[in-house]
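One structure is given here, and the rest of the page talks about it.
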Amino acid sequence: MDKYIIEGLNPLNGEIKVGGAKNAALPIIAASLLADSQVVLEDIPKLRDVTNLCSIIEDMGAKVKRDQNRIEIDSSTVSKTEADHDLARKLRASYYILGVMLARSGHARTTLPGGCNIGNRPIDLHLKGFRALGAEVNLDHGVVDVKADQLKGAEIYLDYPSVGATINIMIAASRAEGKTVIENAAREPEIVDLANFLTVMGANIKGVGTDIIKIEGVDEMHGVEHRIIPDRIEAGTYMIASAITGGDVFVRNVLTEHVKPLIAKMHEMGISVEEDIAGVRVKAGNKLKAVDVKTLPYPGFPTDMQSQMMALLTQADETSLIIETVRENRFMHVDELKRMGAEIKIDGHSALIKPGRLTGAEVRATDLRAGAALILAGLAAEGKTEVKDIYHVERGYENIEERLRGVGASINKVSE
Ligand code: EPU
């Protein structure tokens, strides 16, 4: 098992380049199976989730050629409509196979997805959408089977603006007969990237980025070349790395409008954030002001930045409050941060974070973003921090230790 060893208290200085967005790359790789010719994707991050999804579609018959951050996908040879269960369990995004194969072949089957252990993550809204489009949905011992002779456009109201459900329904509806309207749709930038990709392939989608998406089904979609948008959560994590060490880092390849909620909070904390067409420069002084943060669907403060923000708030001048409204069970990093000396009190969905010095300790990444938070805390802590179970971190950050070392962090990956 690998672990990170971090020696804290080095101010970071220099430039870090952010890669393509994991949560855009995954649905886009899956949706490539809708094209009748080769799809070429650029800026695909080298991550375990991506490798697992590629293995799933290869097992279904697709030809996948990967070269660094580029992937070529030829799906003309896809014959299976079922995702391998062992592979599907490894990542949550395997459920995109349902929408894609339902649209392509009128049948799809997969086991209920895995992914981070961050609370109840049902897929009832995905299934509600498929049913509304005319599919027959069967759930048996954790295996989902969906089928339809012909999907038909429908009006679908989402009880919650779920990212995954919006994506799955949008993909399925892109090949349904007639018009689909998704109301209370999620507005995350990754959904916009997927819609742009589908549109260039030939789909007819309007309103993405708003809460009403309209889709007119089409019969054919063709292969395209597409570059994935930059990862806003990776960007935010490096912005916090600069701030938490009192550093001065230019984070390159950031679409600044995607990190506005974090920039707003950083300004409130007294951190200097200069926006540039190519990225953001984050520079923090000695004193960080306490702030309150509430996670919300986009364009609110992202739940995927909550744990990293909490690490930063341990270094503020007064007590801060974080309210997590998107996910249950997303405070698992708190016990680990406490091992490093943080004073944090949880009450239901709220966390009170008192200011205090962090000291190095042995901690475990309990999920992807929790792992990122522990690395950030380690950068600000006195002494040595060991972060274990880093396979979680590697699901979502490409070479995080190399990128941080490049700006002066003392972080090494070692095998136990
Ligand atoms: N929900 C339902 N029913 C559903 C679907 C969702 O009740 O059918 C609820 C969930 O229980 C949850 C909330 O809706 O409380 C939000 O879930 P959502 O469906 O929006 O999230 P997701 O699609 O499962 C994606 C990202 C997550 C990110 C969330 C929120 C991917 C592969 N995953 O998950 O990313 O936290 O959106 O922004 O895109 C991560 O990258 O670390 C990560 C966990």
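The values are calculated or read from the model by the stated rules, or taken from the named source; none is laboratory data. Small disclaimer: the values here were computed from a predicted structure and weren't measured. Positions of Cβ are generated from backbone atoms using ideal geometry, with glycine treated the same way; all protein chains shown enter the neighbour counts. Remember, those area values only see protein heavy atoms, side chains included, never the ligands or the DNA or RNA. Shrake-Rupley method; radii C 1.70, N 1.55, O 1.52, S 1.80 Å.
Specify the residue that is farthest from Pro297 (Cα to Cα); the eligible residues are those in the range 189-216 that are in contact (Cβ under 8 Å) with a residue 40 or more places away in the chain and open to solvent by 20 Å² or more (accessible area, probe 1.4 Å). Going through the qualifying residues, I end up with Glu216.
State all residues of the range 228-247 that are away from the ligand (no atom under 16 Å from the Cβ) and out of contact with any helix residue (DSSP H, G or I) (no Cβ under 7 Å at 6 or more places or on another chain); if no residue qualifies, say none. Scanning the range 228-247 gives Ser242, Gly246, Gly247.
Looking for something more than 15 Å from the ligand (Cβ to nearest atom), within 18 Å of Tyr238 (Cβ to Cβ) and either without any contact (Cβ under 8 Å) to a residue 12 or more places away in the chain or surrounded by 22 or more Cβ atoms within 10 Å (Cβ to Cβ) (or both) - is there at least one such residue anywhere in the range 386-395? Yes, the range 386-395 contains a residue that is more than 15 Å from the ligand (Cβ to nearest atom), within 18 Å of Tyr238 (Cβ to Cβ) and either without any contact (Cβ under 8 Å) to a residue 12 or more places away in the chain or surrounded by 22 or more Cβ atoms within 10 Å (Cβ to Cβ) (or both). The condition (being over 21 Å from Glu398 (Cα atoms), open to solvent by 10 Å² or more (accessible area, probe 1.4 Å) and not in a loop (DSSP other than H, G, I, E, B)) is satisfied by just one residue among His226, His267: His267. Residues in the range 111-124 include none that are on the phi < 0 side of the Ramachandran plot, open to solvent by 20 Å² or more (accessible area, probe 1.4 Å) and at pLDDT 95 or above. Among the conditions (1) in a strand (DSSP E or B); (2) of a type in the set (Lys, Arg); (3) under 30 Å from Glu274 (Cα atoms), Lys214 misses just one, which is (3). Looking only at residues of the range 351-381 that are of a type in the set (Gly, Ala, Ser) and within 16 Å of the ligand (Cβ to nearest atom), we find that the one that is nearest to Thr325 (Cα to Cα) is Ala370. The set of residues in the range 138-178 that are within 16 Å of the ligand (Cβ to nearest atom), surrounded by fewer than 17 Cβ atoms within 10 Å (Cβ to Cβ) and modelled with pLDDT of 95 or more comprises Tyr157, Asp159, Tyr160.
For every residue, the table says whether it meets (1) surrounded by fewer than 17 Cβ atoms within 10 Å (Cβ to Cβ); (2) free of Cβ contacts under 8 Å to residues at least 40 places away in the same chain.
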position	(1), (2)
Thr319	yes, yes
Phe331	no, yes
Ala342	no, yes
Asp347	yes, yes
Thr359	yes, yes
Ser415	yes, no
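The requirement of being assigned by TED's automatic domain parsing to the domain that holds Lys152, more than 15 Å from the ligand (Cβ to nearest atom), out of contact with any helix residue (DSSP H, G or I) (no Cβ under 7 Å at 6 or more places or on another chain) and more than 29 Å from Glu398 (Cα to Cα) is fulfilled nowhere in the range 41-63; no residue meets it.
Can Asp193 be described as outside any loop (DSSP other than H, G, I, E, B), over 22 Å from Leu127 (Cα atoms) and modelled with pLDDT of 95 or more? Against the criterion (outside any loop (DSSP other than H, G, I, E, B), over 22 Å from Leu127 (Cα atoms) and modelled with pLDDT of 95 or more), Asp193 qualifies. Within the range 90-106, residues that are at pLDDT 95 or above have Cβ atoms under 7 Å from residues that are away from the ligand (no atom under 12 Å from the Cβ) and among the acidic types (Asp, Glu) in these pairs: Gly106/Asp149, counting only partners at least 6 apart in sequence or on another chain. Being in the same structural domain as Glu188 (by TED's automatic domain parsing) and more than 17 Å from Glu190 (Cβ to Cβ): is that true of Glu268 here? Criteria not met by Glu268. Among the numbered conditions (1) open to solvent by 10 Å² or more (accessible area, probe 1.4 Å); (2) more than 16 Å from the ligand (Cβ to nearest atom); (3) at pLDDT 95 or above, tell me where Ile73 comes up short. Looking at each condition in turn, Ile73 falls short on (1).
The sole residue among Ile353, Ile375 that is β-branched (Val, Ile, Thr), farther than 24 Å from Asp248 by Cα, open to solvent by less than 10 Å² (accessible area, probe 1.4 Å) and modelled with pLDDT of 95 or more is Ile353. Taken over the range 1-58, the residue count meeting the criterion of being within 19 Å of the chain's Cα centre (by Cα), at pLDDT 95 or above and charged (D, E, K, R) is 5. Only one entry in Arg131, Arg92 is open to solvent by 70 Å² or more (accessible area, probe 1.4 Å) and either in the same structural domain as Pro302 (by TED's automatic domain parsing) or within 16 Å of the ligand (Cβ to nearest atom) (or both), namely Arg131.
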